[in-house]
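One structure is given below, encoded as structure tokens.
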Amino acid sequence: MKKYVIGNWKLNPATQAESLALAQALQEIGQKPNTNTLQVGCSPSFIHLSTVAQTLKTSPIWVGSQDVSALGATGAFTGDVSAVQVADLGAKFTLIGHSERRQYHGEDDKILSQKIINAHLADLMVVLCIGESLDEYQSGLAFNVLDKQLSVLHRIDKNQINANKLIIAYEPVWAIGTGLTPTLNEIEKIHTHIKHYLHTQYGANLPILYGGSVNDKNAHDIANCQGVDGVLVGGASLKIDSFSTIIQAFS
Ligand code: 13P
């Protein structure tokens with residue numbers, strides 16, 4: 001299966017000039033991977049999306065957004081940005097349901113299912129993020145929580161979902177930005193579980209990415225885990241040398 005290395009820039013960097021510099025540096029390294037086997041991507045903030053998409057226009061690197069509106073393609077929805085608008089700028093994908101969106105913006109299954117529908121209507125690849133909290137992990141509830149989060153797909157009419165444009169990112173909340181990661185054995189077990197669940201529930205064989213404190217030191221080991229089809233990288237995607245090493249690990 002094709003591998004994916006995607007950077008989530010979150011609310012970084014502060015200036016357009018810094019985003020431009022990061023995109024230019026990415027363009028240099030982005031020429032190397034074979035896109036038949038490895039897709040590299042980055043998701044800047046909405047405000048820098050246009051600049052980054054322009055910079056990477058002729059590069060094989062995908063640009064994506066970190067979210068899309070659950071409301072309309074256009075209309076009286078103050079402050080929202082639609083899937084149609086980001087697709088128009090050249091975005092190929094969007095993250096949906098990142099734990100920071102769930103936590104700080106109260107995004108629930110009703111909202112998330114509408115976002116997935118809107119993204120697919122705009123022909124965007126969806127990277128649906130799921131992951132358990134530390135409490136849930138310590139209580140041995142990770143599998144139940146992940147199954148519940150994946151069941152958001154049940155809310156969507158089969159005609160409105162495009163399994164060829166769906167990627168799952170497993171990001172344990174307790175591993176995000178903490179320097180902590182599950183053991184390699186745990187990552188393998190969880191990815192196998194997610195693949196099995198999606199196969200039995202939806203007959204789908206989707207790429208499953210791991211996210212949470214991926215860096216230049218652990219990328220190689222994670223890349224060798226069974227069932228890991230790539231990574232979603234936060235902090236280390238803002239450092240071009242680290243991100244380049246992570247790309248190498250999946251090449
Ligand atoms: P970190 O790589 O900074 O832990 O963030 C992971 C993440 O949230 C990617 O979406």
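So the values come out like this:
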| item | result |
| --- | --- |
| Residue match in region 215-232 (condition: acidic (Asp, Glu) and in contact with a strand residue (DSSP E or B) (Cβ under 9 Å, 6 or more places away or on another chain)) | yes |
| Test: residue in region 4-18 that is β-branched (Val, Ile, Thr) and open to solvent by less than 10 Å² (accessible area, probe 1.4 Å) | yes |
| Qualifying residue in region 38-59 (condition: under 22 Å from residue 126 (Cα atoms) and in contact with a Cys (Cβ under 6 Å, 6 or more places away or on another chain)) | no |
| Residues that are over 30 Å from residue 28 (Cα atoms) and either open to solvent by 60 Å² or more (accessible area, probe 1.4 Å) or acidic (Asp, Glu) (or both), drawn from region 76-99 | 76, 77, 78, 79, 80 |
| First in region 221-246 and within 20 Å of residue 25 (Cβ to Cβ) and open to solvent by less than 20 Å² (accessible area, probe 1.4 Å), second anywhere and assigned to a loop (DSSP other than H, G, I, E, B) and more than 9 Å from the ligand (Cβ to nearest atom), Cβ under 6 Å, 6 or more apart | 242/216 |
| Given (1) more than 22 Å from residue 248 (Cα to Cα); (2) within 16 Å of the ligand (Cβ to nearest atom); (3) in contact with a helix residue (DSSP H, G or I) (Cβ under 6 Å, 6 or more places away or on another chain), number of the condition residue 128 does not satisfy | (3) |
| Residue tally, condition over 12 Å from the mean Cα position of the chain (by Cα) and within 12 Å of the ligand (Cβ to nearest atom), over region 207-251 | 15 |
| Hits in region 229-251 (condition: under 22 Å from residue 66 (Cβ atoms) and among the aliphatic types (A, V, I, L, M)) | 231, 232, 233, 236, 238, 240, 246, 247 |
| The listed residue being at pLDDT 95 or above, of a type outside the set (Asp, Glu), more than 18 Å from residue 120 (Cβ to Cβ) and open to solvent by less than 60 Å² (accessible area, probe 1.4 Å), out of 166, 146 | 146 |
| Check on residue 190, open to solvent by less than 10 Å² (accessible area, probe 1.4 Å) and in a helix (DSSP H, G or I) | no |
| Residue list for region 149-161, filter: of a type in the set (Val, Ile, Thr) and either out of contact with any Phe, Trp or Tyr (no Cβ under 9 Å at 6 or more places or on another chain) or open to solvent by 80 Å² or more (accessible area, probe 1.4 Å) (or both) | 152, 156 |
| Selection count, region 143-179, where residues are away from the ligand (no atom under 16 Å from the Cβ) and not in a helix (DSSP H, G or I) | 5 |
| Scope region 102-121; condition open to solvent by less than 20 Å² (accessible area, probe 1.4 Å) and among the hydrophobic types (A, V, I, L, M, F, W, C); matching residues | 112, 116, 117, 119 |
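The values are calculated or read from the model by the stated rules, or taken from the named source; none is laboratory data. Note that the structure is a prediction, hence the values are computed from the model and not measured. We place every Cβ from the backbone using ideal geometry, glycine too, and count neighbours over all the protein chains shown. Note: areas computed on protein heavy atoms with side chains; ligands, DNA, RNA excluded. Shrake-Rupley method; radii C 1.70, N 1.55, O 1.52, S 1.80 Å.
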